[in-house]
Amino acid sequence: MTIKRIFYIFIFLLTFAAAEVFSSSNPNNQKLISVNYPPDKTVMEFDLLGVSLSITEGSVDLIRAVLNDEAAIKIVPDSEIECFSVRLSVGTNRLHITAFKKGKQVGEVAIDVFRRSDLVSAYRSPPPGFKKDFFHERGGFQCAPCHVMEAVEADKKPVNIVSFRDETIEKDGSDTAPVSSTCYSCHKKMTSYLYVHGPTSVWSCLSCHDPGANPKYATKKPDDKVCFNCHTEQKKTWSSKKYIHGPVNIGNCAICHSPHASDNPFNLVKSSWKLCVSCHAGKGTGLHIFGGALFEDGHPTRGRPDPVRIGKEISCASCHNPHASDFPRLWAFEAQNPLELCRRCHTKYFK
Ligand code: HEC
Ligand code: HEC
Ligand code: HEC
Ligand code: HEC
Ligand code: HEC
Ligand code: HEC
Ligand code: HEC
Ligand code: HEC
């Protein structure tokens, strides 16, 4: 009886002593800074990544976050949780976070995040050990003290595609939607690009994302099931054409268009020319159409003013319709043969 008791006390003291030894041998063991989200080796589909850190209160007076080799984001912490977002490049990104107290480094943590892309074959699948994580499947308990975690009615603001333009112009560009949006507090950077898609610009996130889906907020696949809900005109016109461009035919709209926003017109994920060349690599050489035969450099496919679309540069989409056409080469201007196409821009030569 007593021997057993003494034994327990002994074990108890031993564990206690061991804990003491470990903690005093390594003062950083207290982990003054840690990442709540995302986990290391996460796979992301888009460029924006929201990050949330925990900091032991009062122990840190400056945080530096560096993504790859970009300029550091500096945060002076005023709470135990600090949040920020970064824009990922395609492929593996390293986020390196250091914490300082009175100019001395007191903590450090690094995570790797892989941004996948269907457009670049080398980045189509993640390296071993990386996996997709669905943030909204986690329940968000750690975030709930400060953020509203459940969607509200305002997140499904009705969007009328016909009157949309007039309505937004009327509102003078300043929209009040973020105030009522649940999603805004964490995804606020989503609209800070040059071109923002209509429903995203008014934070009508649930126009496309379903809170009842599995995983939560997943969109219907293929994408055209979502897009054609509003773009009914396009659906009608394109489906009446004889030829539909490969990726459009399988409903893969988001491979070319960001459903949210981008720095390219039409919310394209890359500039029009680069986008086409990602899949049609051979057409970007300058030898396209009549390579070498008539002119050494072939017909220009970029870098010259477009004679028809004044103010724009010529691109692949000047001669090809990116979606559908009645001609197999998907010629623009409803052209039925090459000569008709040439004529549209070269009115002098081709009569
Ligand atoms: C202690 C309160 C608090 C907690 C807990 C918290 N946040 Fe935040 N979060 C904030 C505040 C305040 C902001 C606004 C910061 C600003 O002014 O931009 C914010 C902003 C954000 C942003 C947007 C940052 C940006 O600038 O783009 C993201 C993403 C975010 N939080 C994610 C999370 C996640 C994920 C969790 C849970 C793991 C979480 N937050 C927990 C307070 C908190
Ligand atoms: C507490 C902060 C927070 C709020 C509020 C929030 N999100 Fe997120 N959401 C995140 C983070 C963090 C991620 C994962 C990293 C990233 O995409 O930045 C994420 C990811 C997602 C994803 C990708 C799938 C997933 O689960 O990872 C979708 C879709 C999404 N959010 C939609 C929404 C919508 C719609 C709303 C509003 C109804 C919303 N989110 C509100 C923080 C938040
Ligand atoms: C026009 C439809 C549409 C609207 C509006 C929209 N989204 Fe999305 N969103 C999508 C589609 C489509 C995807 C791509 C899903 C995929 O790749 O499987 C997506 C992906 C995302 C992702 C990233 C998923 C990932 O895997 O990384 C987040 C985060 C997200 N949406 C948040 C939002 C938020 C927040 C809003 C509101 C401001 C919003 N979305 C508005 C259609 C939309
Ligand atoms: C909830 C309705 C809605 C859904 C769903 C929707 N859109 Fe839109 N879309 C709009 C509105 C509104 C505009 C702005 C129209 C305007 O400016 O006149 C727009 C504009 C666009 C434009 C730019 C057009 C231009 O002339 O600049 C593109 C490209 C586009 N959407 C693609 C998509 C894609 C791809 C999807 C599916 C991922 C999609 N849309 C889903 C409502 C929607
Ligand atoms: C191969 C890439 C690609 C795919 C896939 C694609 N688009 Fe586009 N889309 C473009 C380009 C490029 C433009 C700009 C055309 C221009 O410069 O005139 C455009 C323009 C648009 C526009 C505005 C002009 C118009 O024609 O009405 C809408 C709306 C649109 N796309 C919706 C969609 C929808 C919906 C899908 C899926 C069914 C889709 N796109 C699939 C490349 C693509
Ligand atoms: C995601 C990959 C992808 C992107 C991006 C893409 N295409 Fe395509 N394209 C295809 C596929 C797949 C086909 C159908 C296979 C084929 O016929 O070669 C195709 C076919 C074509 C054709 C018809 C070829 C023929 O034999 O008649 C033309 C023209 C074309 N694309 C032009 C473009 C233009 C212009 C762009 C940019 C706006 C573009 N593509 C962007 C994948 C893509
Ligand atoms: C000045 C007009 C013009 C421009 C600009 C242009 N094309 Fe073409 N494209 C044509 C014509 C004409 C043909 C048909 C040539 C033939 O049948 O040999 C064609 C054929 C094609 C084909 C199908 C035939 C094949 O060889 O596989 C694809 C794919 C294509 N173009 C993609 C592109 C891409 C990608 C770009 C941008 C880098 C581009 N085009 C720019 C006029 C143009
Ligand atoms: C979308 C408009 C467009 C179409 C369609 C087009 N071109 Fe061109 N073409 C141009 C531009 C822009 C230049 C460059 C002019 C410059 O240097 O400023 C050019 C240059 C040329 C040149 C070199 C002589 C010159 O004027 O500089 C020839 C030859 C030519 N194109 C032939 C054709 C043929 C043949 C077709 C039909 C297969 C065709 N083009 C279709 C826009 C077009």
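Data overview
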quantity: Helices (runs of 4 or more DSSP H) wholly inside the stretch 216-324 that include at least 2 residues being of a type in the set (D, E, K, R); calculated: 224-227, 232-239
quantity: CYS276, sole failed condition from (1) of a type in the set (A, V, I, L, M, F, W, C); (2) farther than 21 Å from SER318 by Cβ; (3) modelled with pLDDT of 95 or more; calculated: (2)
quantity: Selected residue [within 11 Å of ligand 6 (Cβ to nearest atom) and loosely packed, with under 13 Cβ neighbours inside 10 Å] from GLY311, GLY246, GLY212, GLY303; calculated: GLY246
quantity: All strands (runs of 3 or more DSSP E) inside the stretch 51-134 with 2 or more residues being more than 18 Å from ASN36 (Cβ to Cβ) and away from ligand 4 (no atom under 16 Å from the Cβ); calculated: 62-67, 91-101, 104-115
quantity: Residue count, the stretch 204-218 (criterion: touching a residue at least 40 places away in the same chain (Cβ under 8 Å) and within 12 Å of ligand 4 (Cβ to nearest atom)); calculated: 5
quantity: Filter pass, ALA332 being over 30 Å from ARG116 (Cβ atoms), crowded, with 18+ Cβ neighbours inside 10 Å and away from ligand 1 (no atom under 16 Å from the Cβ); calculated: yes
quantity: Members of the stretch 198-234 found to be touching a Pro at 6+ places or on another chain (Cβ under 9 Å) and within 14 Å of ligand 2 (Cβ to nearest atom), listed by number; calculated: PRO199, THR200, TRP203, SER204, CYS205, SER207, CYS208, TYR217, THR219, ASP223, VAL226
quantity: Among (1) farther than 20 Å from MET190 by Cβ; (2) loosely packed, with under 14 Cβ neighbours inside 10 Å - the single one ILE63 does not satisfy; calculated: (2)
quantity: Hey, PRO145 surrounded by fewer than 17 Cβ atoms within 10 Å (Cβ to Cβ), within 16 Å of ligand 2 (Cβ to nearest atom), outside any helix (DSSP H, G or I) and more than 18 Å from the chain's Cα centre (by Cα) or not; calculated: yes
quantity: Selected residue (criterion: surrounded by the fewest Cβ atoms within 10 Å (Cβ to Cβ)) from residues of the stretch 265-275 that are of a type outside the set (S, T, N, Q) and more than 16 Å from ALA254 (Cβ to Cβ); calculated: PRO265
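The values are calculated or read from the model by the stated rules, or taken from the named source; none is laboratory data. This is a predicted model, so every value here is computed, not measured. All Cβ positions, glycine included, derive from the backbone under ideal geometry; neighbour counts span all protein chains shown.
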